[in-house]
């Protein structure tokens, strides 16, 4: 991965720290988020059954493999605590980036994901060479659709039977492809 595409390991917002995931975050992340059935409902994975699954994920996506793994993972933590309550992921598909995110249910409906997403998009505008950010959202997940639209993402197309969400059954589900475009750029298909 080119160094110019490497995101910072830390984002600080008014209430949150987004910190490159470290192996020491695995225990708290597992107990509050990655093993949680409800938090996994709309994810492309099942809840982690053991701490080792979370640790393996962090080793691949976190600080120790920054720029060499499948993408980048930040823990989402109340500011100044390093209390891992969720994850924010970025995948480099230059010239676009793809994001995914999730939080412990104890932190839902408090505006934390809006705050984290805004920090990431501010970096895309000010410090990256990405022209657009994409994500995919289950057609029935209206809460995340509203969040994405608050952040300025636009729905591009409904992809029928496209997304496998194991917690919702074995059949692929309809999902929306959402895109946020950097000012002055055009949507890249």
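Please give the contour-minus-distance gain from residue 187 to residue 46: 0.36 nm per residue of separation, less the Cα-Cα distance, rounded to one decimal in nm.
Working: separation 141, 0.36 × 141 = 50.76 nm, distance 3.18 nm.
This chain segment gains 47.6 nm when fully extended.
As a test of the definition: which semi-axes, in Å, follow for segment 5-48 when you take the square root of five times each eigenvalue of its alpha carbon gyration tensor? Largest first, please. Don't jump to the answer; show the numbers that get you there.
On the way: eigenvalues 104, 32, 28 Å².
Each semi-axis is the square root of five times an eigenvalue, giving 23, 13, 12 Å.
What's the ranking of 161-169, 181-189 by average number of surrounding C-beta atoms within 10 Å, highest first?
Going by the mean number of other Cβ atoms within 10 Å, highest first, we get 161-169, 181-189.
Return the distance in nm (one decimal) between the two label points of a simple spin-label model at residue 140 and residue 157, each offset 7 Å from Cα along Cα→Cβ.
A separation of 2.4 nm, rounded to one decimal place.
So for segment 75-164, what percent of the C-alpha to C-alpha distances run longer than 15 Å? Intermediate results must be reported in sequence, preceding the final value.
Working: 2522 of 4005 pairs.
So the pairs more than 15 Å apart make up 63 percent of the total in segment 75-164.
With bins 10 Å wide starting at 0, give me the P(r) of the chain over every alpha carbon pair, in whole percents.
9, 37, 40, 13, 0
Where a number appears in this text, it was derived from the coordinates with a stated rule and is not lab data. Remember, it's a predicted structure, so these values are computed and weren't measured experimentally. Cβ coordinates were reconstructed from backbone atoms using ideal geometry, including for glycine residues, and neighbour counts include every protein chain displayed.
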